[in-house]
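See structure below.
Any read-out appearing in this document is the output of simple, stated calculations on the displayed coordinates, not a laboratory observation. Note that this is a predicted model, so its numbers are computed, not measured. Quick reminder, even Gly has a Cβ in these numbers, built from the backbone with ideal geometry, and neighbours come from all protein chains shown.
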Amino acid sequence: MSKLTIFGILNKIKWDKKENPIDNKISYRHDGALDNKRSLMCSEIQTLSKNYFQYESIDGTTIIPFHRILQIKNIKTNDILYTKIRLSSKKKR
């Protein structure tokens, strides 16, 4: 799955009968949360679009754009399906 896009990975997890969404966890950037990061299981995704996914939280419907996803991991096998590549910032002088 490593050559798939984020959409491709999540779509495969959702629709491929060989995959189990409850075995896969998404970590995403969430300003204000502990370490500015939150996680949820792929089984919580209600809507999947080309650029975002949507799920229900205690705050209501939440939309997470794909650019905020930090990692997608299969917690059963420990395989990392996606990790955001962080480019180094400009060097301080």
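Kindly evaluate Ile64 against the criterion of being loosely packed, with under 10 Cβ neighbours inside 10 Å and β-branched (Val, Ile, Thr).
Numbers: loosely packed, with under 10 Cβ neighbours inside 10 Å: no; β-branched (Val, Ile, Thr): yes.
It is false that Ile64 is loosely packed, with under 10 Cβ neighbours inside 10 Å and β-branched (Val, Ile, Thr).
Cβ-Cβ distance below 7 Å, separation of 6 or more or different chains: which pairs start in region 1-29 with a residue that is more than 17 Å from Lys50 (Cβ to Cβ) and without any contact (Cβ under 8 Å) to a residue 40 or more places away in the chain and end on one that is in a helix (DSSP H, G or I) and among the β-branched types (Val, Ile, Thr)?
Every condition considered, the pairs that remain are Glu19/Ile13; Pro21/Ile13.
Mind checking which residues of region 4-16 are among the hydrophobic types (A, V, I, L, M, F, W, C), surrounded by fewer than 15 Cβ atoms within 10 Å (Cβ to Cβ) and outside any loop (DSSP other than H, G, I, E, B)?
Our first condition is that a residue be among the hydrophobic types (A, V, I, L, M, F, W, C); within region 4-16, this holds for 4, 6-7, 9-10, 13, 15.
Add one more test, that the residue is surrounded by fewer than 15 Cβ atoms within 10 Å (Cβ to Cβ), and what stays is 4, 15.
Result: Trp15, single match.
Quick one: which of Lys50, Lys73 is touching a strand residue (DSSP E or B) at 6+ places or on another chain (Cβ under 7 Å) and of a type outside the set (Val, Ile, Thr)?
Working: Lys50 fails: touching a strand residue (DSSP E or B) at 6+ places or on another chain (Cβ under 7 Å).
After ruling out the rest, the residue left standing is Lys73.
What is the number of the single condition among (1) within 15 Å of the chain's Cα centre (by Cα); (2) surrounded by 11 or more Cβ atoms within 10 Å (Cβ to Cβ) that Ile85 does not meet?
Condition not satisfied by Ile85: (2).
Could you please find all residues in region 17-41 being surrounded by 11 or more Cβ atoms within 10 Å (Cβ to Cβ) and either of a type in the set (D, E, K, R) or in contact with an Asp or Glu (Cβ under 7 Å, 6 or more places away or on another chain) (or both)? Break it down into steps so the answer makes sense when it comes.
Filtering region 17-41 for residues surrounded by 11 or more Cβ atoms within 10 Å (Cβ to Cβ) gives 19-30, 33, 36-41.
Across region 17-41, the qualifying residues are Glu19, Asp23, Lys25, Arg29, Lys37, Arg38.
Only one of (1) in contact (Cβ under 8 Å) with a residue 12 or more places away in the chain; (2) assigned to a loop (DSSP other than H, G, I, E, B) is not met by Gly32, so which one is it?
Just one mismatch for Gly32, condition (1).
Looking only at region 45-70, which residues are more than 19 Å from Lys12 (Cα to Cα) and of a type in the set (Lys, Arg)?
Within region 45-70, the first condition is being more than 19 Å from Lys12 (Cα to Cα), and the residues that meet it are 56-63, 68.
Selection gives Arg68 alone.
Restricting the first residue to region 57-68 and requiring it to be touching a residue at least 40 places away in the same chain (Cβ under 8 Å) and over 11 Å from His30 (Cβ atoms), which pairs with a second residue that is buried (at least 16 other Cβ atoms within 10 Å of the Cβ) and hydrophobic (A, V, I, L, M, F, W, C) meet a Cβ separation below 8 Å and a spacing of at least six or different chains?
If the second residue must be buried (at least 16 other Cβ atoms within 10 Å of the Cβ) and hydrophobic (A, V, I, L, M, F, W, C), the pairs left are Phe66/Ile6; Phe66/Phe53.
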